Amino acid sequence: MNIHRGPCRKEHDDHMPETSISSTLERIKKKTGACILAHYYQIPEIQEAADYVGDSFALSKLASELPNKLIVFCGVDFMAESAKLLSPDKTVLLPVSSAGCPMANMAGAEDVKKLMEKYPDAAVVSYVNSTTEVKALSHICCTSSNALKVIRSLPHKRIIFIPDKNLGAYAAEKIPEKEFVLFDGYCPPHEEVMEIDVKLARDKHPEALLLVHPECRREVRDRADFTGSTAQIIKYASQSDSSSFIIGTEEGILHPLKKENPGKEFHMLTGSFICHNMKKTTINDLISSLENMQYKIEIDAFLAKAARRPLERMLQVL
């Protein structure tokens, strides 16, 4: 599990002095016993304020292992919901209630039911970037880092993959012995990157290695030197002998990359690799969330029980 520990630093937004931010967060955290988790795509100030920074499911799993009864998840809604599913007895807060995931919202429960009716012999594998309702109908969940291992563990020959067609296609390329039914969902920032973007970036930085996320199109993945999850990209860049990299995923990853590798150069594949939902959470939102205990993740008990099972099955495979 790739998790970076990052206690509160004195970085800040434009609305509050740095010493006030640091002292306020520490005071509230001490009072509430909260632990702050932040995804790699969050703004640098949030990453620095967090106790732990990492990939979405790694953080959700960590939340279940921590002694803290209050978890503040700086990310998008499905991440906080996954943390709540694995920690039903804990309070999980999402600082900005409107921080959603467009890809997760592309696939609904009815879409899954229709595919299950059409392919009754198939296993439904849902990417963790999915709604709780979709997880509840799934046989098992997966992440971008463990999708291949999870799918290979299934006895089923046919796989319904929800909701990301690009990650699903990547798995299909690596596991040709299985038949894949791909839902037509995608992550907008990753989907928008084209082959021409790769050409332009390589022409500009011919010495750099191209590292991309499997949520990218095949035409981009096929031209990459490495394809992997956010945490895997960070690990690859950190361990590589190369000193220059083109990064093919959301720009928030630049903060930990540069922080861990001060002697290396990192260039974004495009200048528009931004998830606006991931950028919604500010330091003021984080403080307000802790002060007002907002916004609590609440999941119906019956739904939560059903959605927890595929997550637990995934953990058994790992």
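The values are calculated or read from the model by the stated rules, or taken from the named source; none is laboratory data. Worth saying up front: this structure is predicted, and the values here are computed from it rather than measured. No Cβ is skipped: glycine too gets one built from the backbone with ideal geometry, and neighbour counts run over all protein chains shown.
To keep it simple, each residue is scored yes or no on (1) in a loop (DSSP other than H, G, I, E, B); (2) small (Gly, Ala, Ser).
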| position | (1), (2) |
| --- | --- |
| PHE78 | no, no |
| ALA83 | no, yes |
| PRO88 | yes, no |
| VAL92 | no, no |
| PRO95 | yes, no |
| CYS101 | yes, no |
| GLU117 | no, no |
| ASP121 | yes, no |
Quick one: is GLU192 closer than 22 Å to ILE299 by Cα, surrounded by fewer than 23 Cβ atoms within 10 Å (Cβ to Cβ) and in contact (Cβ under 8 Å) with a residue 24 or more places away in the chain?
no
Is it true that LEU286 is part of a helix (DSSP H, G or I), in contact with a helix residue (DSSP H, G or I) (Cβ under 7 Å, 6 or more places away or on another chain) and over 22 Å from PRO206 (Cα atoms)?
yes
Please identify the pairs in which a residue from segment 144-167 that is free of Cβ contacts under 8 Å to residues at least 24 places away in the same chain has its Cβ atom under 8 Å from the Cβ atom of a residue that is aromatic (Phe, Trp, Tyr) and not in a strand (DSSP E or B), counting only partners at least 6 apart or on another chain.
LYS165/PHE183; LYS165/TYR186
Would you confirm, using the coordinates I've provided, whether LEU311 is in a helix (DSSP H, G or I) and touching a Lys or Arg at 6+ places or on another chain (Cβ under 9 Å)?
yes
For segment 245-265, name all the residues that are of a type outside the set (S, T, N, Q), under 20 Å from the mean Cα position of the chain (by Cα) and in a loop (DSSP other than H, G, I, E, B).
GLU250
Touching a residue at least 12 places away in the same chain (Cβ under 8 Å) and touching a helix residue (DSSP H, G or I) at 6+ places or on another chain (Cβ under 6 Å): does that describe GLU219?
yes
Complete set of residues in segment 19-51 that are among the acidic types (Asp, Glu) and either assigned to a helix (DSSP H, G or I) or within 12 Å of LEU70 (Cα to Cα) (or both):
GLU26, GLU45, GLU48
Check whether at least one residue in segment 241-251 is touching a residue at least 12 places away in the same chain (Cβ under 8 Å), closer than 22 Å to ASP164 by Cα and among the hydroxyl-bearing types (Ser, Thr, Tyr), and report yes or no.
yes
List every residue pair whose Cβ atoms lie under 6 Å apart, where the two residues are 6 or more positions apart in sequence or sit on different chains, the first residue falls within segment 293-307 and is of a type in the set (Phe, Trp, Tyr), and the second residue, located anywhere, is surrounded by fewer than 17 Cβ atoms within 10 Å (Cβ to Cβ) and part of a helix (DSSP H, G or I).
none
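Yes or no, residue by residue, for (1) polar (S, T, N, Q); (2) over 21 Å from HIS190 (Cα atoms); (3) at pLDDT below 95:
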| position | (1), (2), (3) |
| --- | --- |
| HIS267 | no, no, no |
| GLY271 | no, no, yes |
| THR281 | yes, no, no |
| SER289 | yes, yes, no |
| LEU303 | no, yes, no |
What number goes with the only condition from (1) assigned to a helix (DSSP H, G or I); (2) surrounded by 21 or more Cβ atoms within 10 Å (Cβ to Cβ); (3) among the acidic types (Asp, Glu) that GLU215 does not pass?
(1)
Let me confirm something: among SER138, SER82, SER98, which residue is polar (S, T, N, Q) and within 14 Å of the chain's Cα centre (by Cα)?
SER82
Would segment 222-243 turn up any residue that is buried (at least 21 other Cβ atoms within 10 Å of the Cβ) and over 20 Å from the mean Cα position of the chain (by Cα)?
no
